[in-house]
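Notes for the one structure printed next.
The values are calculated or read from the model by the stated rules, or taken from the named source; none is laboratory data. This structure is a prediction, so every number in the text was calculated from the model and none was measured. Note that each Cβ is placed from the backbone with ideal geometry, even for glycine, and that neighbours are counted across all protein chains shown. For accessibility, only protein heavy atoms count, side chains too; no ligands or nucleic acids. Shrake-Rupley method; radii C 1.70, N 1.55, O 1.52, S 1.80 Å.
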Amino acid sequence: MSSQGGKKGSRGHGHLTLYIVGAIVLAIIVSIVGPPVLGDRFRPVVAVFDVGGEIFLRILQMVVVPLVMASVMSGILGLGDVRKLGRPGGYAVTYYLSTTVLAVVTGLIVVNIVDPGVGIDKALVEDARQEGEATVARAAGRRTGKKIQWHNVTGDRAETRGESQNAFVPSEGSWTVRILIDQVGAAHTPAAAKARWSADGNTFQDVPDGRFVAGEEAGIYRTRSPIPIPGEAKYVRVTFEPQQGGKRSVVEAYVAPGPPSIGEILQNLCLMLFTDNLLGAMVGMNLLPLIIFSIVFGGMLTTLGERAKTIADLVIAINEALMNFILLLMRLAPLGIFCLVAARFAKAQLDGQFLALLKTQAWYMTSVLSGLAIHGLVTLPLLLWIFTRRNPIRFFGQMSQAVLTAFSTASSTATLPVTMECAETKAGVSKRSTEFVLPLGATVNMDGTALYEAVAAIFIAQAFAIVDPAYALTIDKQIIIAITATLAAIGAAGIPEAGLVTMLIVLNAVGLPLELIGLILPIDWLLDRFRTAVNAFGDSVGSAVVERTFPEAT
Ligand code: ASP
């Protein structure tokens with residue numbers, strides 16, 4: 001079978017790492033200096049960087065699916081019996097879960113000390129809200145949520161009693177409706193309305209707590225918190241009370257799924273393990289079902305003995321060829337990484353975002369980055385030392401190319417080939433551990449993402465409390481944030497800014513307005529890089545920790 005057991009030592013990783021660090025530093029300098037010196041003439045240069053970076057990223061991604069399948073299968077073939085995976089599998093899952101929880105707890109402690117959202121500018125929250133609305137609508141559209149436009153009120157609201165059109169609401173699950181009334185004119189009585197629901201479109205009854213007086217914020221009236229709609233509702237109707245002095249108003253309702261229960265989230269996570277279409281999973285780079293398939297298929301091959309020898313050898317040869325290809329690709333890494341980083345930072349700088357953002361979001365960034373630093377530089381190295389007695393500084397050096405690639409690509413999936421290469425050939429972690437633990441880890445073990453989700457949710461809650469002092473961030477809400485952040489990180493894909501989408505689950509669970517995600521949007525591309533680096537490092541520490549539990553591990 002394959003040559004199991006890693007080759008200890010470093011194949012000249014020192015120089016390559018230095019070149020990559022140099023490339024990142026140079027890229028940041030170029031992106032900061034370029035725009036003021038060259039102005040708009042810098043844009044074509046950025047376009048060239050963009051293409052270069054995209055090529056590097058595509059080549060990395062191209063290898064992921066065959067590599068994951070071949071490496072998991074060849075790992076099982078190396079073990080000789082799929083049942084031998086039971087113990088290390090159990091340890092791997094325990095490691096993933098406990099480090100994710102540790103990361104969330106670290107995040108919660110840091111954010112509660114720094115309090116980044118306390119005292120934030122109210123206007124900033126309002127702007128962010130508008131920016132976030134488009135994102136939420138996009139995400140909700142994808143998740144079968146419905147955005148409903150109610151253009152109800154005719155003419156002058158001072159005289160008319162407006163009633164909204166009936167609106168269709170999906171009949172399953174619990175739903176909430178958020179209503180926004182944009183008043184043009186000089187209405188001088190507060191906008192008030194009552195929501196009613198119906199299952200058949202004929203008989204309407206009051207939604208419990210469905211009457212609201214919208215509070216004014218920056219000239220826009222909106223419901224302070226989502227109004228819960230009973231699950232069986234198919235139609236919602238909102239009746240407006242007459243207002244005095246008003247001229248015209250546009251009413252817009254946003255229907256979003258109610259907070260999913262923890263059970264529903266778990267259900268979805270279980271479903272993510274399986275696919276009914278293997279090719280579809282390959283095309284969509286859904287690694288979890290591919291890993292499951294490869295374990296089962298590899299297991300079957302081991303039961304066929306000599307008859308499957310050709311195919312087993314083929315799988316092992318494919319795996320080795322891909323690993324050699326990655327080794328070759330890494331020679332291009334400094335150039336690819338330079339292009340990736342320069343293109344993204346330069347874009348931010350050209351949009352005038354970069355330095356401005358660093359100022360307005362300073363405390364939020366401080367919280368996320370210090371949490372990530374504690375987890376990545378203290379907790380994980382400590383675990384590595386306790387469980388493996390490896391020197392954490394050396395190990396970090398051996399994994400540095402993977403960490404830097406994760407920073408540059410913001411994708412743990414795209415980084416996976418490099419993580420495997422470093423763990424195996426540089427850190428000397430045994431093949432049987434890297435081949436199984438790393439692909440699984442890149443998909444479900446995201447410590448950095450979990451930590452960021454917890455910090456961001458508390459930051460948003462603190463900011464929301466400024467516009468709505470009635471919102472209290474109680475301890476039970478913090479616990480719900482901890483649980484949902486853990487699950488959301490497990491469910492997040494290893495692609496850029498995936499954490500931002502699963503963030504909506506966390507906000508939903510504690511009744512925060514989803515559109516406040518606008519507060520963390522502008523800076524997410526940058527923080528994503530740091531959390532992805534921690535994700536990749538967490539996976540590699542996992543492969544070293546779980547290594548001992550494999551039979552015959554070196
Ligand atoms: N970009 C991250 C990763 O690939 C996921 C996220 O937090 O957005 O690991």
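For residue 484, are the conditions met, namely being within 21 Å of the chain's Cα centre (by Cα), within 12 Å of the ligand (Cβ to nearest atom) and either assigned to a helix (DSSP H, G or I) or more than 30 Å from residue 126 (Cβ to Cβ) (or both)? Against the criterion (within 21 Å of the chain's Cα centre (by Cα), within 12 Å of the ligand (Cβ to nearest atom) and either assigned to a helix (DSSP H, G or I) or more than 30 Å from residue 126 (Cβ to Cβ) (or both)), residue 484 does not qualify. Determine, yes or no, whether residue 303 is part of a helix (DSSP H, G or I), in contact with a helix residue (DSSP H, G or I) (Cβ under 9 Å, 6 or more places away or on another chain), surrounded by fewer than 18 Cβ atoms within 10 Å (Cβ to Cβ) and β-branched (Val, Ile, Thr). Yes, satisfied.
Scanning the stretch 335-347 for residues being at pLDDT below 90 and either within 28 Å of residue 74 (Cβ to Cβ) or surrounded by fewer than 21 Cβ atoms within 10 Å (Cβ to Cβ) (or both) gives a total of 1. If the condition is being in contact (Cβ under 8 Å) with a residue 12 or more places away in the chain and open to solvent by 70 Å² or more (accessible area, probe 1.4 Å), then the stretch 85-100 contributes 87, 91, 97. Does residue 479 satisfy the criteria of being within 21 Å of the chain's Cα centre (by Cα), open to solvent by 30 Å² or more (accessible area, probe 1.4 Å) and of a type in the set (A, V, I, L, M, F, W, C)? Criteria met by residue 479. Filtering 453, 424 for residues that are in a helix (DSSP H, G or I), open to solvent by 10 Å² or more (accessible area, probe 1.4 Å) and touching a helix residue (DSSP H, G or I) at 6+ places or on another chain (Cβ under 8 Å) leaves a single hit, 424.
Candidates in the stretch 380-401 are the residues that are assigned to a helix (DSSP H, G or I) and open to solvent by 40 Å² or more (accessible area, probe 1.4 Å); of these, the one that is nearest to the ligand (Cβ to nearest atom) is 396. Could you please let me know if residue 470 is away from the ligand (no atom under 13 Å from the Cβ) and either buried (at least 24 other Cβ atoms within 10 Å of the Cβ) or among the small types (Gly, Ala, Ser) (or both)? Yes, satisfied. Residues satisfying the criterion are present in the stretch 457-465 (criterion: open to solvent by 20 Å² or more (accessible area, probe 1.4 Å), modelled with pLDDT under 90 and more than 9 Å from the ligand (Cβ to nearest atom)).
Could we say that residue 524 is at pLDDT 85 or above, more than 21 Å from residue 381 (Cβ to Cβ) and not aromatic (Phe, Trp, Tyr) here? Spelling it out, residue 524 is indeed at pLDDT 85 or above, more than 21 Å from residue 381 (Cβ to Cβ) and not aromatic (Phe, Trp, Tyr).
You will find that of 404, 377, the residue that is open to solvent by 10 Å² or more (accessible area, probe 1.4 Å), assigned to a helix (DSSP H, G or I) and within 16 Å of the ligand (Cβ to nearest atom) is 404 and no other. Selection of first residues in the stretch 473-502 that are more than 20 Å from residue 268 (Cβ to Cβ) and of second residues that are in a helix (DSSP H, G or I) and more than 7 Å from the ligand (Cβ to nearest atom), restricted to Cβ pairs under 6 Å at least 6 apart or on distinct chains, gives the following pairs, ordered by first then second residue: 473/461. Just to be sure, is residue 371 open to solvent by less than 10 Å² (accessible area, probe 1.4 Å) and away from the ligand (no atom under 16 Å from the Cβ)? The answer is no for residue 371. Taking the criterion of being in a helix (DSSP H, G or I) and either at pLDDT 90 or above or farther than 14 Å from residue 69 by Cβ (or both), the residues of the stretch 323-334 that qualify are 324, 325, 326, 327, 328, 329, 330, 333, 334. Being more than 16 Å from the ligand (Cβ to nearest atom) and over 30 Å from residue 328 (Cα atoms) is a property that residue 453 lacks. Would the stretch 429-442 turn up any residue that is over 26 Å from residue 16 (Cα atoms), within 22 Å of the chain's Cα centre (by Cα) and within 16 Å of the ligand (Cβ to nearest atom)? Yes, the stretch 429-442 has at least one match.
Once the stretch 490-542 is narrowed to residues that are part of a loop (DSSP other than H, G, I, E, B) and within 8 Å of the ligand (Cβ to nearest atom), the residue that is most open to solvent (accessible area, probe 1.4 Å) is 495. Pairs please, first residue from the stretch 420-435 and within 14 Å of residue 551 (Cα to Cα), second anywhere and assigned to a loop (DSSP other than H, G, I, E, B) and of a type in the set (A, V, I, L, M), Cβ atoms under 6 Å, 6+ apart in sequence or on different chains. Qualifying pairs under 6 Å: 430/553. Considering 470, 465, the condition of being over 19 Å from residue 413 (Cα atoms) and part of a helix (DSSP H, G or I) is satisfied by 465 alone.
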